[in-house]
Amino acid sequence: MWGEEAEDREARPQLEFDDRYLAEGLRAGDAVAFERFTSSCLPALYRFAASRLRGDRELVREIVQTTVCKALAGLATFRGEAAFFTWLCACCRNEIAMHFRRQKSLRREVPLPEQREPSPAAGSPAAEGATEQLLREERA
């Protein structure tokens, strides 16, 4: 048991180094870092988003794409205090929350009443029928 904790402590600095190296490599445009990012982080991030968005594939793709674009643009904000993937998940969680906030703030569409045909000339039998119909609708 104690040996396992020691191993965990020894592995943590390596993980932190790897995450910082990954972030630095992505900032520098390193192809190896980008390959590691796309092969390990993207599938896991997709699963993370899919589990929270109930499998809506199009929405998951949109959220993950937005998350990745914003995360890559904001790599300077990654301080290495948490694992890189944890930071990505926090970014993704924020994107999901923003999506649902936008959904709530969208105005609801109110259907317009159907346009009525032009009123017939006053005094004609059709005009009297139209007037009676309007009165019935108002009473209803």
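Answer yes or no as to whether ARG54 is open to solvent by 70 Å² or more (accessible area, probe 1.4 Å), under 15 Å from PHE100 (Cα atoms), without any contact (Cβ under 8 Å) to a residue 60 or more places away in the chain and over 12 Å from the mean Cα position of the chain (by Cα).
yes
Consider only pairs whose beta carbons are under 7 Å apart and that are at least six residues apart or on different chains; among these, list those whose first residue lies in the range 77-103 and is free of Cβ contacts under 8 Å to residues at least 40 places away in the same chain and farther than 16 Å from CYS41 by Cα and whose second residue is assigned to a loop (DSSP other than H, G, I, E, B) and among the aromatic types (Phe, Trp, Tyr).
none
Please go through the range 19-34 and pick out each residue that is closer than 16 Å to LEU88 by Cβ and without any contact (Cβ under 8 Å) to a residue 12 or more places away in the chain.
Within the range 19-34, GLU24, GLY25, PHE34 meet the criteria.
Output the helices (runs of 4 or more DSSP H) that fall wholly within the range 1-83 and possess 2 or more residues being among the acidic types (Asp, Glu) and at pLDDT 90 or above, or say none.
57-73
Taking the range 84-124 on its own, how many of its residues are touching a helix residue (DSSP H, G or I) at 6+ places or on another chain (Cβ under 7 Å), modelled with pLDDT of 90 or more and aliphatic (A, V, I, L, M)?
2
The values are calculated or read from the model by the stated rules, or taken from the named source; none is laboratory data. Quick caveat, the model's predicted, so the values are computed rather than measured. No Cβ is skipped: glycine too gets one built from the backbone with ideal geometry, and neighbour counts run over all protein chains shown. For the accessible areas, the whole protein counts, side chains as well, though only heavy atoms, and no ligand, DNA or RNA atoms are used. Shrake-Rupley method; radii C 1.70, N 1.55, O 1.52, S 1.80 Å.
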